[in-house]
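> Below you'll find the structure I mean.
The values are calculated or read from the model by the stated rules, or taken from the named source; none is laboratory data. Bear in mind that the values here come from a model prediction, so they are computed numbers and not experimental data. Note: ideal-geometry Cβ built from the backbone for every residue, glycine included; neighbour counts use all protein chains shown. Only protein heavy atoms, including side chains, enter the accessible area calculation; ligands, DNA and RNA are left aside. Shrake-Rupley method; radii C 1.70, N 1.55, O 1.52, S 1.80 Å.
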Amino acid sequence: MGHVHRAFSCLILSLFLLLPASCSQEQQTDFLKEPDKLLVWPPEPFKPRIQWIRQITSDDLIELKPGFWNRIGRFLFGTEKSAIIRSHGIYVNGDGILFIADPGARAIHVLDPVHRRYSMINSCGQTSFKSPIDFAMDEVNHLYVTDSAAGFVCRYKIDNGELKIGKIIARMERPTGISYNPRNGLIYVAKTTAHQIIAIDKDGKSHITIGSSGAGPGKFNFPIALTVNHQGEVLVVDSLNARIQIFTPDGQFIRTFGQPGDLSGFFAKPKGIAVDSEDHIYVVDTLFDAVQLFDTNGQLLMNFGSSGRNPGQFWLPSGIFIDRNDFIYVSDTYNQRIQVFKYLKHSVPDAEDRLEKEQTFRSRRREGR
């Protein structure tokens, strides 16, 4: 039991932060239940670009000690088991705190691995969440959350790893995707049923409105997610038009790519979008159970994932977030977990190095270490 306890204590600090663990590799493999071989995409003989790292499930949440507001709730109302019901949006801040929007639980999960804390936030101030969808964060550590059913954007201040009581800064029709643009200090929000993107300031005042209902350039048919690349361009998932549209920070149309189809490079039901450190565009397609990776011009580079419940497989995935170290977090929604991958850039292990690592991993498993 001592060995198991030490393994858990050490690994929980590195599980969500994705920092180098001070524990041994054999402890990591025991806890994380890694697959029997390294999972990379594309497969050999091609050079790998994406690697599966780990998954985060409800079991990981309940082992962390509760944060302040959860301690108060447990004192007043008793213990309630925390669980990922139907995850959607994800965000990881610079301190490694992981935020999960869970419309199934009508709550936000907050995982702080540094202080080994977990909280489940059910409201913005005095207003209960109905369907929290997505996150954005500005440079002064404000976290913004959209709630599509309640129709508001909530702002929190993060202090010492805890969310302070939230404040509704804007009310609007069906807000879903949200992203902060450091180029102009505005927060872009997808008003899905209004077929528009709106840019608001940190107090909720509207500054820019983009688009209207339609299929032409700059028009939308239920936009559902968006992100901002390193040039400040706004990339929008125009879901029922089955395409990605790209705009300048002030809302001018630049270009578009994508069309309906059931082959790679086409879209069936695009839902989440993110960019890595090299501005490659990642699009989660819910019906494909996959993530498609495009260059900045919209040319398909590769895809990863398939249907199923094993590592690297998805069941109706939705949100995606990529941190500054190119770790890729995907909401594997109906598998009730977050899967974490890594973009390997150009410094990837060659085949001989990966084979040696795989053989070492298997040997340790056989030895029970």
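> If we keep just the residues of the range 40-61 that are under 20 Å from the mean Cα position of the chain (by Cα) and of a type in the set (A, V, I, L, M, F, W, C), which is modelled with the lowest pLDDT?
Leu61
> Going residue by residue through the range 197-209, is there one that turns out to be in a loop (DSSP other than H, G, I, E, B) and hydrophobic (A, V, I, L, M, F, W, C)?
No, because not a single residue in the range 197-209 is in a loop (DSSP other than H, G, I, E, B) and hydrophobic (A, V, I, L, M, F, W, C).
> Tyr156 - would you say it is open to solvent by less than 20 Å² (accessible area, probe 1.4 Å), aromatic (Phe, Trp, Tyr) and over 18 Å from the mean Cα position of the chain (by Cα)?
Yes.
> Taking the condition of being farther than 19 Å from Glu162 by Cα and among the acidic types (Asp, Glu), how many residues in the range 78-134 meet it?
Here the count works out to 1.
> Filter the range 318-334 down to the residues that are part of a loop (DSSP other than H, G, I, E, B) and of a type in the set (D, E, K, R), then identify the one that is surrounded by the fewest Cβ atoms within 10 Å (Cβ to Cβ).
Within the range 318-334, the match that is surrounded by the fewest Cβ atoms within 10 Å (Cβ to Cβ) is Arg324.
> A further question on this structure: What are the pairs with Cβ atoms under 6 angstrom where one residue, in the range 240-266, is farther than 18 Å from Thr286 by Cα and the other, located anywhere, is assigned to a loop (DSSP other than H, G, I, E, B) and among the hydrophobic types (A, V, I, L, M, F, W, C)? Sequence gap at least six, or different chains.
Short answer, once both residue conditions are applied: none.
> OK, next. Considering each of Val283, Val228 in turn, give the residue that is touching a residue at least 24 places away in the same chain (Cβ under 8 Å) and open to solvent by 10 Å² or more (accessible area, probe 1.4 Å).
It is Val228.
> Among the candidates Gly251, Gly211, Gly177, single out the residue that is modelled with pLDDT of 95 or more, of a type outside the set (S, T, N, Q) and surrounded by fewer than 19 Cβ atoms within 10 Å (Cβ to Cβ).
Gly251
> Shifting gears a bit: I'd like the full set of residues that are of a type in the set (Asp, Glu), over 16 Å from Met120 (Cα atoms) and under 18 Å from the mean Cα position of the chain (by Cα), limited to the range 135-153.
Matches in the range 135-153: Asp138 only.
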